[in-house]
1. Pairs please, first residue from segment 821-843 and touching a residue at least 12 places away in the same chain (Cβ under 8 Å), second anywhere and among the basic types (K, R), Cβ atoms under 9 Å, 6+ apart in sequence or on different chains.
2. Can you tell me which of (1) crowded, with 20+ Cβ neighbours inside 10 Å; (2) within 24 Å of E307 (Cβ to Cβ); (3) in contact (Cβ under 8 Å) with a residue 60 or more places away in the chain is the one L396 doesn't meet?
3. Of all strands (runs of 3 or more DSSP E) completely enclosed by segment 990-1051, which ones contain at least 3 residues that are among the charged types (D, E, K, R)?
4. Taking the criterion of being surrounded by fewer than 20 Cβ atoms within 10 Å (Cβ to Cβ), over 19 Å from the mean Cα position of the chain (by Cα), assigned to a loop (DSSP other than H, G, I, E, B) and at pLDDT 85 or above, would at least one residue in segment 182-195 satisfy it?
5. Can you name the residue in segment 833-871 that is hydrophobic (A, V, I, L, M, F, W, C), surrounded by 14 or more Cβ atoms within 10 Å (Cβ to Cβ) and closer than 16 Å to P771 by Cβ and, of all such residues, is modelled with the lowest pLDDT?
6. Kindly indicate whether any position in segment 774-782 is assigned to a helix (DSSP H, G or I) and either under 40 Å from the mean Cα position of the chain (by Cα) or not assigned by TED's automatic domain parsing to the domain that holds G731 (or both).
7. Condition first: assigned to a loop (DSSP other than H, G, I, E, B), more than 24 Å from L208 (Cα to Cα) and not small (G, A, S). Can you find one or more residues in segment 258-274 that meet it?
8. Any idea which of I485, I504, I492 is aliphatic (A, V, I, L, M) and farther than 25 Å from E421 by Cα?
Amino acid sequence: MRLARKSTQTTIFGEFVPVLPKVRTSRGYLLDWDRNRIVRQIMEESRLVEVFYGYEGADEETAQDIARRVEKKIQMLGLQSLSGPLIREIVNMTLLERGLTSYRNVCTRVGTPVFDAHLIDVGRGFEARDNANLQENAETSHKKKADKISKEQYLLQLPPDLADHHLRGDLHIHDLEYFGTRPFCIDGSTAIPVRTDNRIRSILPAELPFSGDEWRPEDLSALTPKGWRRVSKVTRRRVNPGEMIRIRTSSGRSLSVTGEHRIPVQTRDGMAIRRADEVRAGDTLYGIPRTDAIRGETIEAIDLIRELPASVPAHLLENVYVRGAEEIFADVVRIGKAASYADISRALGVEHQKQWYTRGIMPVALFAAFSRRYGIRNYDQVTIGVTGSGNELPALFTLTPELIRLLGLFVAEGNYNASLEAGQYNLAITENALAPAIQAAACTSLNTYATLTGGTPDTTTIYGVEVERNRALQVYFGGKLVYLIFRYVFGIPEGAAGKRLPWIVYHLDDVLLHEFLSALFTGDGSTYYRPEKSDCIVNYTTTSPALRQELALLLTALGITPHIVELYSEEERPTLYRLQLSGRKNIETFARYATFLDQRQDHIDGFLSAVKEGQGREREETVVETSPTEPTGEYVYDLFLAGDGTEESHTFYASDGLLIHNCQDWDLRYFFYYGLMPDGNGTKASVAGPAKRAEVAVLHAVKALGSAQTNFAGGQGYYNFLTFMAPFFEGMDYEEIKQLMQMFVYEMTQMMVARGGQVVFSSVQLSPGVPTLWKDKPCVYRGKVWDGEQAPLRTYGEFEREVRLLFKALMEVMLEGDYWGKPFSFPKPEISIEPDFLTENEEFNRKHPDLPTYHDLYLMTFELASKYGTPYYDNQIPPYRGAGEGISCYQCLAGDELVPVADSDGRIIVRAISDLFDAAAKNGRRIDPFGTELAYYDGKAPSIDFTTLEASLRPFHGVMRQRYMGDLLRITLESGRQITVTPDHPVYVLNGGRFVRETAGDLEPGDYLPVMKAGGFSETQVTEINVAEVIAGAGYADQIQVTEDGVKTRGARRPGLPRTLPVSRDLAAFLGYYLAAGSSDHSGRQYTVRLSFAGREAGLAADAAACIRTVLGYEPKVSESAAGTEVVVRSKLIYLLVDALGCGSSAGERSVPDLLFNIDRTLVGDYLGAAFRAGGRGTPGRVPGASG
């Protein structure tokens, strides 16, 4: 049937328009039909395909064609009313008919059918099971509807193939509803301090090695307010126009983030978390405080064998060789690690080059692989050079003051004058006053050439007038090796706008850091003192935004507060960043870390001598401006710290500081002692005293978590919940216990105080019995510590019955579910799996057959897990978790404290705990979210059971280390024994006839501490010394040669030592004499071991000489003088043996060898006898059969 012609109207301009109904828009307006609105809509909205899929949006011709088709369809349908949504549906249908699916995906509407929305309201449908953490209420209905729409939107925004994979279940996009809003908040040029491979450096997210849109680092930690915390992943996405906001504070600090990023803001009531687009001028932000965490372990030398292959592109290392390694190659074959040189080449997977091994050369990258494979750590004699160049540097490149000063000047005033294609690798520093010193430093510290140019008159044209001026002095130095070290090892980029602080700066001691900052500020800094205003200003100016952020962060961490000024923020001129320091406190602190190397220092000295301490105050970071800004690259980024990927993943410092809350655990004992103040200070809520009854204790526990949830974004929980609660339930019937546990669970799941009217996101840690850690600890309840002073002594170990029944009751309540049979989502039961409870307490079980066993209680948790899936399990079985003895006791001893341990052979060794950690770290280590390092070590340590007072060796499986900021305590006993610990380190003190545990900070003069009175812990008694094994174990394997007859130094003609030396009385006496009077040294090829006795100790000297002859087979030289008698052995082999045994080389370094802790006590007596006679000026001669 042919369509009848529709009537039309003519406008005053003579245009014919169809008679169509008015259109009701989504905003409620009635508008005349206008086909051009469809054209504009398609052209504008289809541009999103460029963002989402990388396609081109619709052109005007395509849009016009679609609009005409839509208009024709509406005419054919004969509709009496039109709405915006209806027209959009017809547009989308037309786009699909034309095969323009991607345009349809971005032009369509997202929403939900009325029926599905109703199911959400009544708690049914798929969404009812979509998030177990949400409780049904009005706010939850709103959230689920919004989530459903958001998921639909983001599926449409994804490339279709990825969306299909998600819908089919081939992959899962977690938190799809937040895909376009929650993550990806940081600009790529934001400097972030991180720690990786135990080194601190600053990274820019845009520089990270992404292969897609996610990078998962193996070892990366970010700096948080509580120290270093592991980064689990870094993500990125393309940034959209108009997303970025720049926040600038009164000190000039600035931060570029997306609008939804959370920013902590100071308020009268404490910290408030706001979206970045809600931060306003006048708000006060949190900046990074003064902290030592930004400074890592001091590094004194760079291992170029390791650093060059790790940092430099492989093609640039092709002609960089090690030299002087012939002895190392020979040793690998000599001691049997490889059958031949050709065998080494095969193992390394390269074509055999005989000349490498005979000449001691090898490409540095290959030598690094060789060293890893064969365990080569000592290459003191190895150097590194470039083919065709006579300049070389030691493989262990020492960081000298001259080198660090050169580094600082290069960051400030240096540039690369390099052409890699032409083989030109020059570095240049422009500096007039210090040019000769720079030239000398380059030659001395880098073993390279250095030439001085410039200073001669030159002509230039200014405003059309030709004028003469002196050219600035420039120092050219370098060569390829130096270029590679500065550019890649130290990581200093090219160009003034790209300059960065080299990572080594964070690992310099105070002396070398002073050298670096002095050179840096001398190069690009300025200062002036105005006596009339009594002020002094120090400036540092740079065009590098990264350097500006890094330097501001470093100065702030040192206690110096810079004010940042931006100059020339115009398109035609690069922005200059000026860091200004003013105020006496700032200048005084700056003077401790830096000195201008010219007359400018007079300004600072004059100011500090003339101006007394001012009344400065901490400068607040007040927001002065928030404004839209453009991103510096295509992407924005986010770091996720170890956790669940939610808001807790933002707790790190970036640029000038970002902070988001973490989850929080609370200690119930605090509330049981002080009572409850829900608002934290008692000014806005009523204050309750300490609970006296069980039901009040339960309600206080509930209200404390509810109050905390209003201040913390993350979950809230209790540690050792049942143990600390148990005293309130003493002697209570099980039914009453269960009733109170039921009240606890219902209260926690009916208190709608969290965000959006949610219940408290809560958890409780549960143990089926009293952990060993708490059994002997005094209880805290009813407002007292039941320690025998405030109240009669009661310990948690007395309440095993109550803990078991509480555990059972809580499990039964959760298994039953609520009145409708629904599971309780909160509090999450965190079941502690501990060694204490994997073995039954059979004696207790026999006495209490009516109580459940540990096995019974754990089975209940498994039933709950299989029924509802609610429990979490905390695996504390690994020994490093410290279950039963405290969870991972951190940073207790000073690094130089000595610790006796038994090695895998049962022999006692004594090591500084820092050295023990270093040795353990070779077996692998891990870093927890708070920056604490655990190095794995299987050993035993002498320990005492204070219940039985029996001493024994007990196993341990790791050594921990963490940076500590605070005071240390040195504890000194009457006997002179000392130990240095942190104030919270546990110690045992004699009190009331038994030893009780206290913290070191609570000790007082007169307290009695236990000390070791007897040894005998060694499980293996040593009767002979394997000379080659001992010397090789100390790192001297390359210095000795083992033959059938014995051991001697390489190249030695005279006989050496037998392969084994018996541990005799003469050997013990010689070592004792050495402890009191020995020393050893070497100069060139001269190696000397010396015993020096006073004038009246000739008899001791004769006895010592006899011991040397008997034990070592060497004839010592005995010489007498007015000062005394010296017994001297000139032998490299004896020198190496004494050093390998750990005897020390001088009076300040002498120590007791580990051997002495593993030999017969009679021999120990000989050792001590000789030591005390020589050191205490006793009677010469040994007593037969003396024992210690």
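1. P823/K867; E834/R881
2. Against the list (1) crowded, with 20+ Cβ neighbours inside 10 Å; (2) within 24 Å of E307 (Cβ to Cβ); (3) in contact (Cβ under 8 Å) with a residue 60 or more places away in the chain, L396 comes up short only on (1).
3. 994-999
4. Yes - at least one qualifying residue is present in segment 182-195.
5. Residue satisfying both the conditions and the ranking: I833.
6. Yes, that holds for at least one residue.
7. The answer is yes, given that some residue of segment 258-274 is assigned to a loop (DSSP other than H, G, I, E, B), more than 24 Å from L208 (Cα to Cα) and not small (G, A, S).
8. Values: I485 fails: farther than 25 Å from E421 by Cα; I492 fails: farther than 25 Å from E421 by Cα.
When all the criteria are applied, what remains is I504.
The values are calculated or read from the model by the stated rules, or taken from the named source; none is laboratory data. For clarity, every value in this text was computed on a predicted model and none was experimentally measured. Neighbour counts run over all protein chains shown; Cβ positions are idealised from the backbone, glycine included.
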